[in-house]
Amino acid sequence: ERRREARAYLRLPLRLASVEGHRENAAVTLLTQNISASGVYFLSPRRLEPGTAIELEVGLVDRPFGRGSVEMTTTAHVVRVVQASSPGWHGIAVRFDDFDFRRDECVPTRYALP
(Lines give C-alpha, C1' and ligand atoms only; values in the text may rest on other atoms or scores of the structure.)
Protein backbone atom coordinates (compact mmCIF):
# COMPACT_ATOMS: atom_id res chain seq x y z
CA GLU A 1 0.00 0.00 0.00
CA ARG A 2 1.68 3.21 -1.22
CA ARG A 3 -1.11 5.67 -0.56
CA ARG A 4 -0.46 8.47 1.89
CA GLU A 5 -3.99 9.86 1.89
CA ALA A 6 -7.16 8.12 3.01
CA ARG A 7 -9.49 7.27 0.14
CA ALA A 8 -13.22 7.99 0.14
CA TYR A 9 -15.10 5.46 -1.97
CA LEU A 10 -17.56 7.91 -3.53
CA ARG A 11 -19.22 7.95 -6.92
CA LEU A 12 -19.09 11.61 -7.84
CA PRO A 13 -19.72 13.05 -11.31
CA LEU A 14 -16.45 13.75 -13.12
CA ARG A 15 -15.87 15.44 -16.47
CA LEU A 16 -12.62 15.27 -18.40
CA ALA A 17 -12.19 18.91 -19.51
CA SER A 18 -8.88 18.71 -21.40
CA VAL A 19 -6.07 16.33 -22.31
CA GLU A 20 -2.55 17.67 -22.89
CA GLY A 21 -3.97 21.20 -23.17
CA HIS A 22 -6.60 20.28 -25.79
CA ARG A 23 -10.20 20.93 -24.70
CA GLU A 24 -12.52 17.95 -24.89
CA ASN A 25 -15.46 18.47 -27.25
CA ALA A 26 -17.74 15.79 -25.84
CA ALA A 27 -19.14 16.55 -22.40
CA VAL A 28 -19.24 12.95 -21.18
CA THR A 29 -19.90 12.57 -17.47
CA LEU A 30 -17.94 9.79 -15.79
CA LEU A 31 -17.98 8.70 -12.14
CA THR A 32 -15.21 8.62 -9.58
CA GLN A 33 -14.50 5.27 -7.96
CA ASN A 34 -12.54 6.82 -5.09
CA ILE A 35 -11.03 10.19 -4.24
CA SER A 36 -8.55 11.60 -1.74
CA ALA A 37 -6.81 14.89 -1.04
CA SER A 38 -4.05 13.95 -3.49
CA GLY A 39 -5.87 12.24 -6.38
CA VAL A 40 -8.79 10.39 -7.87
CA TYR A 41 -9.47 7.04 -9.54
CA PHE A 42 -12.14 6.76 -12.22
CA LEU A 43 -13.21 4.53 -15.11
CA SER A 44 -13.00 5.84 -18.65
CA PRO A 45 -13.71 4.46 -22.12
CA ARG A 46 -10.68 6.44 -23.27
CA ARG A 47 -7.21 5.14 -22.43
CA LEU A 48 -4.84 7.80 -21.13
CA GLU A 49 -1.14 7.03 -20.83
CA PRO A 50 0.80 7.56 -17.58
CA GLY A 51 2.27 11.06 -17.46
CA THR A 52 -0.57 12.59 -19.49
CA ALA A 53 -1.55 16.08 -18.27
CA ILE A 54 -5.32 16.50 -17.85
CA GLU A 55 -7.90 18.88 -16.42
CA LEU A 56 -10.91 17.52 -14.51
CA GLU A 57 -14.13 18.87 -13.07
CA VAL A 58 -15.57 16.91 -10.13
CA GLY A 59 -19.01 17.63 -8.68
CA LEU A 60 -18.62 17.51 -4.89
CA VAL A 61 -22.01 18.86 -3.77
CA ASP A 62 -25.05 19.15 -6.01
CA ARG A 63 -27.95 21.01 -4.42
CA PRO A 64 -31.39 21.55 -5.93
CA PHE A 65 -32.14 24.86 -7.63
CA GLY A 66 -28.40 25.62 -7.98
CA ARG A 67 -28.01 26.86 -4.42
CA GLY A 68 -24.97 25.52 -2.60
CA SER A 69 -23.43 23.34 -5.31
CA VAL A 70 -19.63 22.94 -5.22
CA GLU A 71 -17.40 21.75 -8.06
CA MET A 72 -13.67 21.07 -7.89
CA THR A 73 -11.61 21.96 -10.93
CA THR A 74 -8.14 20.48 -11.08
CA THR A 75 -5.07 20.04 -13.17
CA ALA A 76 -3.60 16.58 -12.74
CA HIS A 77 -1.47 13.94 -14.37
CA VAL A 78 -2.10 10.26 -14.94
CA VAL A 79 -0.02 8.01 -12.70
CA ARG A 80 -1.52 4.57 -13.41
CA VAL A 81 -3.79 2.88 -15.96
CA VAL A 82 -5.34 -0.58 -15.55
CA GLN A 83 -7.72 -2.60 -17.68
CA ALA A 84 -11.17 -2.43 -16.06
CA SER A 85 -13.36 -5.51 -15.69
CA SER A 86 -15.84 -4.05 -18.20
CA PRO A 87 -14.63 -4.50 -21.82
CA GLY A 88 -13.50 -1.25 -23.42
CA TRP A 89 -13.06 0.59 -20.11
CA HIS A 90 -9.87 1.64 -18.33
CA GLY A 91 -9.18 2.45 -14.69
CA ILE A 92 -7.35 5.79 -14.53
CA ALA A 93 -5.51 6.94 -11.39
CA VAL A 94 -4.43 10.59 -11.34
CA ARG A 95 -2.53 12.81 -8.94
CA PHE A 96 -3.74 16.39 -8.49
CA ASP A 97 -1.23 19.09 -9.42
CA ASP A 98 -3.45 21.99 -8.39
CA PHE A 99 -7.14 22.44 -7.66
CA ASP A 100 -9.74 25.09 -7.03
CA PHE A 101 -13.39 25.14 -5.99
CA ARG A 102 -16.31 26.79 -7.76
CA ARG A 103 -19.47 27.55 -5.82
CA ASP A 104 -22.76 28.71 -7.25
CA GLU A 105 -23.47 31.06 -4.39
CA CYS A 106 -21.47 33.50 -2.31
CA VAL A 107 -19.95 32.38 0.95
CA PRO A 108 -21.56 34.34 3.82
CA THR A 109 -19.23 37.07 5.04
CA ARG A 110 -19.01 35.53 8.48
CA TYR A 111 -17.21 32.52 6.89
CA ALA A 112 -15.02 34.49 4.46
CA LEU A 113 -11.30 34.63 5.10
CA PRO A 114 -9.84 38.04 5.95
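The values are calculated or read from the model by the stated rules, or taken from the named source; none is laboratory data. Everything numeric here is computed off the predicted structure, so don't read it as measured data. Positions of Cβ are generated from backbone atoms using ideal geometry, with glycine treated the same way; all protein chains shown enter the neighbour counts. Accessible surface is based on the protein model in full, side chains and every heavy atom, while ligands, DNA and RNA are left aside. Shrake-Rupley method; radii C 1.70, N 1.55, O 1.52, S 1.80 Å.
Details
- Odd one out for VAL82 among (1) within 22 Å of ALA6 (Cβ to Cβ); (2) in contact (Cβ under 8 Å) with a residue 12 or more places away in the chain; (3) open to solvent by 30 Å² or more (accessible area, probe 1.4 Å); (4) not aromatic (Phe, Trp, Tyr): (2)
- Residues located in the range 1-23, provided they are on the phi > 0 side of the Ramachandran plot and open to solvent by less than 80 Å² (accessible area, probe 1.4 Å): GLY21
- Selected residue (only one of GLU49, GLU55, GLU71 is modelled with pLDDT of 95 or more and within 12 Å of the chain's Cα centre (by Cα)): GLU55
- When residues of the range 86-114 are limited to those that are in contact with a Gly (Cβ under 9 Å, 6 or more places away or on another chain) and farther than 17 Å from ARG7 by Cα, the one modelled with the lowest pLDDT: GLU105
- Residues satisfying the stated conditions in the range 24-75, i.e. open to solvent by less than 20 Å² (accessible area, probe 1.4 Å), of a type in the set (S, T, N, Q) and part of a strand (DSSP E or B): THR32, ASN34, SER44, THR74
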